[in-house]
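Presented below is the structure to which this report refers.
Read the figures in this text as sums done on the coordinates, not as results from a lab. What you see is a predicted model; the values in this text were computed from it and never measured. With ideal geometry, Cβ positions are generated from the backbone for all residues, glycine too; neighbour counts draw on all protein chains shown.
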Amino acid sequence: MDTKRRQSLRSRKRTGKTPSPALPPDRWAAAVRYLRRVDPHLRAIIDRIGPCRLEPHLDRFGALVRSIISQQISSKAAISINQRLTTIGGEPHRPRRLIELGEASLRSVGLSSAKARYVLNLAEAVASGQVPLDEIDDSWDEPTIVETLTSVKGIGVWTAEMFLIFVLNRPDVLPASDLGIRAALKDRHGLVELPKPRECFALAEPWRPYRTVASWYIWRRVDTARLPAVAAVAEEGASPKRKRKSP
């Protein structure tokens, strides 16, 4: 037995305790330091909320299915429908299994006809290789990912941006059409009206190259319940689509 190991064992015997494992490094620490420095308003939010807890989700297909389920409904309703879907189709969601179930079965769990069709559109696109979710890696730029995802009817730009943020954790995504982000920029800059999406890019320029992290803090600035539904349920393992106004 080497010297260091003997010393460690002697130390444990003396204290009666096993040393605690080292905490994992904070992957967003540099982004948080940068945002605190460039934006006093964000600094106050960051100091109240603490470290950024944004983590990637490995279930890419399931995240997009849940995003379709959650269009224009509450997070609670989306979770209920998703649970019923996993009861008949299994968990995690699988493209070919959903195709086997068909539209009638998808409607039976509470999906509208349009959403059932959207889920099947996505399942067929992934199963055929039109949307190669598992091949998306760091060599894919954001515009290419957005273009690929939005080729599926039922997935819009906003949902694709949520995929970039909550599934892939791309660090510099600004969802400029999101009502919460627009409302926060309106308040931050003392504007009379909500800025148009194209104006948001200029207003949020100081946050670059960490606009994803800034957006996360804006959504979290009151509590999880006030996140857009995609974020609120993403932290339960999903990524549904729904916009909510910032508090």
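Output ³J(HN,Hα) for the range 146-158: one whole-Hz value per residue in order, computed from phi by the Karplus curve 6.51 cos²θ - 1.76 cosθ + 1.60 with θ = phi - 60°, and x for Gly and Pro.
Result, ordered by residue: 4, 4, 5, 5, 6, 6, 8, 5, x, 10, x, 4, 4 Hz.
Quick check on the exposure proxy: order Asp141, Asp187, Asp178, Asp59 from fewest to most C-beta atoms within 10 angstrom. Please report the intermediate quantities before stating the final value.
On the way: Asp141 10, Asp187 13, Asp178 24, Asp59 17.
Ordered from fewest to most neighbouring Cβ atoms within 10 Å, Asp141, Asp187, Asp178, Asp59 come out as Asp141, Asp187, Asp59, Asp178.
Grab the Cα-Cα distance for Asp187 and Arg33, subtract it from 0.36 nm times how many residues apart they are, and report the gain in nm with one decimal. Walk me through the numbers before you get to the answer.
Values: separation 154, 0.36 × 154 = 55.44 nm, distance 2.25 nm.
Additional length available on full extension: 53.2 nm.
Roughly how big is the range 51-146's charge dipole about its Cα centre, with Cβ charges of +1 (Lys, Arg) and -1 (Asp, Glu), in debye to the nearest 20? Intermediate results must be reported in sequence, preceding the final value.
Values: 11 positive and 12 negative charges, 147 e Å.
Here the range 51-146 has a charge dipole of around 700 debye.
Which ordering of Val167, Val109 is given by a fewest-first count of other beta-carbon atoms within 10 Å?
Details: Val167 22, Val109 19.
Fewest to most other Cβ atoms nearby, the residues stand as Val109, Val167.
Past the 24 angstrom mark, what percentage of all C-alpha to C-alpha distances in the range 61-183 do you count?
Percentage above 24 Å: 27.
Between Gln83 and Glu142, take the C-beta separation as r, use R0 = 35 Å, and let me know the FRET efficiency to the nearest 0.05. Don't skip to the answer; put the middle values down first.
On the way: r = 32 Å, r/R0 = 0.91.
Efficiency, from the Cβ-Cβ distance: 0.65.
Could you work out how far the C-alpha centroid of the range 66-81 sits from that of the range 133-196, in angstrom?
19 Å
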